[in-house]
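Below: the structure, in structure tokens.
Read the figures in this text as sums done on the coordinates, not as results from a lab. For clarity, every value in this text was computed on a predicted model and none was experimentally measured. Methodologically, a virtual Cβ is constructed for each residue, glycine included, from the backbone with ideal geometry; neighbour enumeration extends over all protein chains shown.
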Ligand SMILES: NC(=O)c1ccc[n+]([C@@H]2O[C@H](COP(=O)([O-])OP(=O)(O)OC[C@H]3O[C@@H](n4cnc5c(N)ncnc54)[C@H](O)[C@@H]3O)[C@@H](O)[C@H]2O)c1
């Protein structure tokens, strides 16, 4: 018996990376999938992967900048598979990059449309269907960039928006048994990351392993495992949560360590500071 037997999910951005890994995992647990993405070739491969994993899947061409196309993906779930249990708003890209004073309004607005407005639209069109069915699970991909600095400005702002939109909408629809959660991935080795690293995926894996508390880069399957939990009934009492899955990268660096000017203290007790001064 699969953990998602009988469930139907739409996943945006599932032609590649995190979304594709989640689609395959969901399919292996018995779900039927609508693969919703701009990339038709990757989408067709994802459909084949889902069927090979034991599930059912169809590809729906979707640009998440377009409200009608997001609604069409949800309509495809109900027309093809009869229901919608999971709406996973995951499509994304880097968006506007560069210094804030050189960022154009067009690039800012497009980033917000793809990373934040699309999440609003996925919620807007999934909720009425889920309400008539008696419940459902909405999952969105935020990022640790939503509460850390260092990623592109517009990207960070949009992902912070996803986290609080999740919390806000969760307070509206809990009574309908609709759960609204998001996942905050850390550094995951997908084309979104490794296409920007000279040397590609293997160099990215080696470099980013060094900044994690758990010393390896994230894999799409790490996020898919959390998405599976949030999609399944095992998480039926969890809503409004931002689940951090990041190998510890958002914990920050160690204060004491090989590269720190502060030697690690021996076991004992420190302070108060006016009595305790290390020369
Ligand atoms: N990789 C990471 O380190 C990381 C970390 C935190 C959050 N994320 C988020 O995870 C999500 C998935 O990214 P990924 O790392 O798997 O990257 P990816 O590039 O492998 O996959 C992104 C998918 O989104 C699709 N997409 C992009 N723009 C679209 C649009 N306008 N309409 C429809 N589909 C569109 C792409 O075609 C692609 O299939 C994104 O929201 C990203 O911001 C990624």
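With Rh defined as the Kirkwood radius, the inverse of the mean 1/r over Cα pairs, the Rg/Rh of segment 60-101 is 1.17.
Treat the chain as a sphere of radius equal to its Kirkwood radius over Cα pairs and apply Stokes-Einstein at 20 °C in a medium of 1.002 mPa s; give the translational diffusion coefficient in µm²/s, rounded to a whole number. Translational diffusion coefficient: 108 µm²/s.
In segment 28-107 the Cα-Cα distances spread across 5 Å bins starting at 0 as 3, 14, 20, 21, 15, 8, 7, 5, 4, 1 percent of all pairs. Between the helical axis of 67-81 and the dominant principal axis of the chain, each derived from Cα atoms, what acute angle in degrees is found, rounded to the nearest 10? Orientation of helix 67-81: about 60 degrees from the principal axis. Go ahead and set up a Gaussian network model of the chain, Cα springs under 10 Å, then flag whichever of 221, 101, 29 fluctuates most. So, out of 221, 101, 29, the one fluctuating most is 101.
Gyration tensor over the Cα atoms of segment 149-198: the corresponding equivalent ellipsoid has semi-axes (square roots of 5 times the eigenvalues, largest first) of 30, 13, 6 Å. Ignoring solvent entirely, what values of log10 I(q)/I(0) come out of the Debye formula for segment 57-174 at 0.11 Å⁻¹ when each Cα is a single scatterer? Log10 of I(q)/I(0), two decimals: -0.39. Given an 8 Å cut-off on Cα distances and at least 6 residues of separation, report the relative contact order of segment 132-279 as a percent. Here the relative contact order equals 25 percent. GNM on the chain, alpha-carbon springs under 10 angstrom: the most fluctuating residue among 175, 124, 71 is 175.
What percent do you get for the relative contact order of segment 115-182 when only Cα pairs under 8 Å and 6+ apart count? It comes to 41 percent, rounded to a whole number. Taking every C-alpha pair closer than 8 Å and separated by at least 6 residues, the mean separation divided by the residue count of the chain gives a relative contact order of 16 percent.
When 16, 118 are arranged by Cβ crowding within 10 Å, least crowded first, meaning fewest neighbours, the order is 16, 118. Helix 220-231 against the longest principal axis of the chain: what's the angle in degrees, Cα atoms only, rounded to the nearest 10? Helix 220-231 sits at roughly 60 degrees to that axis. Relative to the longest principal axis of the Cα atoms of the chain, the long axis of helix 40-52 lies at roughly 80 degrees. Ratio of Rg to Rh for segment 159-254: 1.06 [Cα atoms; Kirkwood radius as inverse mean 1/r over pairs]. Structure remark: mean-square fluctuation, Gaussian network model of the chain, C-alpha springs under 10 Å; the largest value among 129, 144, 105 belongs to 105.
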